[in-house]
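Participant: This is the structure, below, for whatever I ask next.
The values are calculated or read from the model by the stated rules, or taken from the named source; none is laboratory data. As the structure is a computational prediction, the values presented were derived from the model and not from experiment. Because the Cβ atoms are built from the backbone with ideal geometry, glycine has one as well, and the counts that use them run over all protein chains shown.
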Amino acid sequence: MNASWLIWKNTFFRIWDKHAPIKKRKVSGKSLAWLTTDLIEQKHHLKFLHRQARSVNTSEKWMIYKKAKNQYNRLVKKSKRTYNERSLSSHSGNIKQTWKTINEILNKSSNRNKIIEIKDENGEMIDGTSISDTFNKYFVQLGETLAREIPQSNVSPMSFLNDINPAGHTFPKFHEIAPNEVQLLLQNMNTNKASGIDGISAKILKIAAPCISSSLTLIFNQSILTGVFPNDWKTSKVIPIYKSEAKDEMTNYRPISIYRLFQEFLKS
């Protein structure tokens, strides 16, 4: 199973690198979606009036410039308001995108959430590269800690299976997944979904769906039939998310895991 998956993954990356290589490019700055063509023209005209006022330096020219500047500022505010209203309306029902838009409006940067130092469970202050190791140790032990708080029960887990599968009845026979089911799943993916830890984005998988659905189906069916989950799929990127109260205390963070997108397909 592991060998089959590694062959598929390496082949996919080789073809991806050949036909859609990642290239670096310089970006002059963040584009302003609310900045319309009319506003750009108004801005150029405003610069012209400013140069003219400085050159002639008369009260009349300065007055013309100030009136044009006030008008431009009013148009900017109106354009921003219209854009923000449309953005919030278009993301209605999508909490993630709604909060992203709100943070953009409030000009909040994600860097503000960067953890500089943290207190461990013993109250000792941790900083630098030790933060990630300390968080990892805390999250790994969290499950065992919570499990110890669960009251002991004399009920056998097998009794729940008997309730849903009375004597004389058998579980439905497993039917292999069909390639068209996998292709449909890939094509219906939300392209705004975050990329997996392997860097493969939902957009790439959606575009490649007709070409990779058959081979992926073989991988999924092999995993289910053999009962083996590829080792590569058992790893994830864990990110601490702040809950409430003091931000420098480790117990006030909860973990979220970023998996490979293929793991989510198999669960579907």
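Participant: Being in contact with a Phe, Trp or Tyr (Cβ under 7 Å, 6 or more places away or on another chain), among the basic types (Lys, Arg) and not assigned by TED's automatic domain parsing to the domain that holds Leu225 is true for just one of Lys80, Lys61, Lys67. Which residue is that?
Facilitator: Working: Lys61 fails: in contact with a Phe, Trp or Tyr (Cβ under 7 Å, 6 or more places away or on another chain); Lys67 fails: in contact with a Phe, Trp or Tyr (Cβ under 7 Å, 6 or more places away or on another chain).
After ruling out the rest, the residue left standing is Lys80.
Participant: Of everything in region 213-268, what is assigned to a helix (DSSP H, G or I) and aromatic (Phe, Trp, Tyr)? Give them in sequence order. Outline the logic, then answer.
Facilitator: Taking region 213-268 as the starting set, the residues that turn out to be assigned to a helix (DSSP H, G or I) are 213-226, 231-234, 250-252, 261-267.
Correct list: Phe220, Trp233, Phe262, Phe265.
Participant: Name the residues in region 249-268 that are more than 18 Å from the chain's Cα centre (by Cα), surrounded by 13 or more Cβ atoms within 10 Å (Cβ to Cβ) and not β-branched (Val, Ile, Thr), would you? Walk me through how you get there before you give the answer.
Facilitator: Residues of region 249-268 that are more than 18 Å from the chain's Cα centre (by Cα), as a first pass: 249-253, 266-268.
Remaining after also requiring surrounded by 13 or more Cβ atoms within 10 Å (Cβ to Cβ): 249-253, 266.
Glu249, Met250, Asn252, Tyr253, Leu266 - these are the residues of region 249-268 that are more than 18 Å from the chain's Cα centre (by Cα), surrounded by 13 or more Cβ atoms within 10 Å (Cβ to Cβ) and not β-branched (Val, Ile, Thr).
One line per residue, one yes/no per condition, for (1) at positive phi; (2) modelled with pLDDT under 90; (3) of a type outside the set (D, E, K, R):
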| position | (1), (2), (3) |
| --- | --- |
| Glu60 | no, no, no |
| Met63 | no, no, yes |
| Arg81 | no, no, no |
| Thr98 | no, yes, yes |
| Ile105 | no, yes, yes |
| Ser110 | no, yes, yes |
| Asp120 | no, yes, no |
| Gly128 | yes, yes, yes |
| Phe135 | no, yes, yes |
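Participant: Restricting attention to region 209-228, and to residues there that are touching a helix residue (DSSP H, G or I) at 6+ places or on another chain (Cβ under 9 Å) and free of Cβ contacts under 8 Å to residues at least 40 places away in the same chain, which single residue is farthest from Asn10 (Cα to Cα)? Can you show your working first?
Facilitator: Taking region 209-228 first, the residues touching a helix residue (DSSP H, G or I) at 6+ places or on another chain (Cβ under 9 Å) are 209-220, 222-224, 228.
So of that shortlist, the ones also free of Cβ contacts under 8 Å to residues at least 40 places away in the same chain come out as 209-211, 213-214.
On the way: Ala209: 17, Pro210: 19, Cys211: 15, Ser213: 16, Ser214: 16 Å.
Result: Pro210.
Participant: Would you check if there is a residue in region 112-133 being surrounded by 11 or more Cβ atoms within 10 Å (Cβ to Cβ), under 22 Å from the mean Cα position of the chain (by Cα), touching a residue at least 12 places away in the same chain (Cβ under 8 Å) and more than 20 Å from Ile256 (Cα to Cα)?
Facilitator: no
Participant: Quick one: which helices (runs of 4 or more DSSP H) lie wholly within region 36-110 and hold at least 1 residues that are within 26 Å of Thr191 (Cβ to Cβ), hydroxyl-bearing (Ser, Thr, Tyr) and in contact (Cβ under 8 Å) with a residue 40 or more places away in the chain? Even if it seems obvious, please write down each step before you answer.
Facilitator: Working: elements: 37-56, 59-90, 95-105.
The qualifying helices (runs of 4 or more DSSP H) are 59-90.
Participant: Do we have Ile7 as surrounded by 13 or more Cβ atoms within 10 Å (Cβ to Cβ), hydrophobic (A, V, I, L, M, F, W, C), not in a loop (DSSP other than H, G, I, E, B) and not assigned by TED's automatic domain parsing to the domain that holds Asp232 here?
Facilitator: Numbers: surrounded by 13 or more Cβ atoms within 10 Å (Cβ to Cβ): no; hydrophobic (A, V, I, L, M, F, W, C): yes; not in a loop (DSSP other than H, G, I, E, B): yes; not assigned by TED's automatic domain parsing to the domain that holds Asp232: yes.
Criteria not met by Ile7.
Participant: Now for a separate question. Identify, please: which residue in region 35-63 is of a type in the set (A, V, I, L, M) and surrounded by 14 or more Cβ atoms within 10 Å (Cβ to Cβ) and is, among those, nearest to Asn107 (Cα to Cα)?
Facilitator: To start, the set of residues in region 35-63 that are of a type in the set (A, V, I, L, M) comprises 35, 39-40, 46, 49, 53, 56, 63.
Then keep just the ones that are surrounded by 14 or more Cβ atoms within 10 Å (Cβ to Cβ); that gives 35, 39, 46, 49, 53.
On the way: Leu35: 16, Leu39: 21, Leu46: 26, Leu49: 30, Ala53: 33 Å.
Per the criteria, the residue is Leu35.
Participant: While we're here: Here is a list: Gly93, Gly128. Which entry is assigned by TED's automatic domain parsing to the domain that holds Val140 and within 30 Å of Tyr242 (Cα to Cα)? Give the derivation first.
Facilitator: On the way: Gly93 fails: assigned by TED's automatic domain parsing to the domain that holds Val140.
The match here is Gly128.
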